[in-house]
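The values are calculated or read from the model by the stated rules, or taken from the named source; none is laboratory data. Given the structure is predicted, the values throughout are model-derived calculations rather than measurements. Using ideal geometry, Cβ is built from the backbone for each residue, glycine included, and neighbour counts are taken over all protein chains shown. Heads up: the accessible areas ignore ligands, DNA and RNA and are worked out on the full protein's heavy atoms, side chains in. Shrake-Rupley method; radii C 1.70, N 1.55, O 1.52, S 1.80 Å.
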Amino acid sequence: MRTFITSILMGILCMVPALTAQQAGPETQQVPAELMKIERDKQSGLLLVTAIVADKPMRFLLDTGATHTIIHKASTVGIRNAFWLDTSRVQFTGNSAQRPQMMSAPFQIGPALVPRHVFMVIDLSSVRRMMGEPIDGILGMDILGLMPFTFDFKNEKFMWAYAQHAPVTPVYGQPTAEGRFMVHAQCEGKVLELLLDTGCAVTRVNLDKWPAGSAGQIAATLGDINSTTCNMMHEGKPADLTVAEGVTLPNIQPMLDDPGQHSALLGVDALKESVLIHKPTRTSPLGQFFFLKQEAVEQN
């Protein structure tokens, strides 16, 4: 059985005027080593980081597939120097059946301090059950888009920085209006639109876009923000996936959904031989994604 976690994909359709003001950007500062550490969850293989919300240390899942940063409702108990926002006039859109609450608090993550950040607050119990280490929240692109980072999956090195002179190549793709990054990948002559999703352990593609493997349907546990379900899915035939100029992810074997059932996702299993780099920019709220060029990865 293959187990993986789908992204949260939370988005805000509209807000009351008082909540639409731009948040201050992060301030760079010297921080304890624990806040700079990024590591893998032993059960799911996903990336975890320690952060401080107000004065409380918390554990977050790094999820490029989530538009907004979320805190587990039970983890907000005891947080000081925070205030709750009136969401009675806020309309939400996304894949959650829950209506989020919203909280504003200081946020310290990696080398950055955000004086005030607005968090979604939702019950994440179903996600927590699929992790080896309980998490207090999910770090989405509203914060990740502001941060420089290098995820070296090949050598298991993850850091809040990027090499200034690294030989990189841009990921084929572009940001969406909802605050996600879609990769324009190519496989055996077909173009695939895949959500770049470090919150998903296994790549997922629609059945009509990828050849099925020799095995029949298998049971796969799907987890999202609301619950976990066991679905019968096909396992894809191993194939190479081109994601940037000169960068091909080898032997990708995705799970295959019926056409139109779910978003296609590029999970961390597809990144196992690569180095993913992110640089913030002033022109895009999501920043820019790059891969280290293939020859540089091989030299490492």
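Miscellaneous remarks
- GNM top mover of Ile38, Ile218, Ile277 - the chain, alpha-carbon springs below 10 Å: Ile218
- Backbone HN-Hα couplings from phi across the stretch 277-282 [Karplus 6.51/-1.76/1.60, Hz, Gly and Pro as x]: 10, 10, 10, x, 9, 7
- Just checking the listed ones, Arg204, Arg180, Arg116: in the Gaussian network model of the chain with Cα springs under 10 Å, the one fluctuating most is Arg116.
- 15 Å Cα-Cα reach of Lys237 towards aspartates and glutamates, excluding residues that sit fewer than 8 places from it in its own chain: Glu188, Asp208, Asp257, Asp269
- For Lys237, the residues whose amide H sits under 5 Å from its own are Ala212, Gly213, ignoring neighbours fewer than 5 places away on the same chain, with H placed 1.01 Å from N.
- Per residue, the stretch 191-278 exposes an accessible area of 37 Å² to a 1.4 Å probe, with every protein chain left in place.
- Taking amide H positions as modeled 1.01 Å from N, with prolines and chain starts lacking one, no residue 5 or more places away or on another chain lies under 5 Å from Asn226.
- Once the chain from Asp258 to Ile79 is taken as fully extended at 0.36 nm per residue, the excess over their C-alpha distance is 60.1 nm.
- Amide H partners (placed H, <5 Å) of Gly199, local residues excluded: Thr64, Gly65
- For the chain, the fraction of alpha-carbon pairs in successive 20 Å shells from zero, as %: 34, 58, 7
- Potential lengthening between Ala166 and Thr281 on full extension [0.36 nm per residue; Cα-Cα distance subtracted]: 39.7 nm
- Charged neighbours of Asp208, selected by a Cβ distance under 15 Å, balance to 0 (K, R count +1; D, E count -1).
- When the listed pairs Lys56/Lys272; Lys56/Lys154; Lys37/Lys154 are checked against a 29 Å cut-off, the alpha-carbon distance exceeds it for Lys56/Lys272; Lys56/Lys154.
- Karplus-derived 3J(HN,Hα), 6.51/-1.76/1.60, for each residue of the stretch 97-113, Hz, glycine and proline x: 7, 7, 8, x, 9, 9, 9, 10, 7, x, 9, 10, 9, x, x, 10, 10
- Vicinal HN-Hα couplings computed from phi for the stretch 221-226 (Karplus, 6.51 cos²θ - 1.76 cosθ + 1.60; Hz; Gly/Pro x): 8, 9, x, 9, 5, 9
- Size of the stretch 191-300: Rg and Dmax of its alpha carbons, in Å, are 15.3, 48.
- Cα convex hull volume per residue for the stretch 112-231 (Å³): 189 Å³
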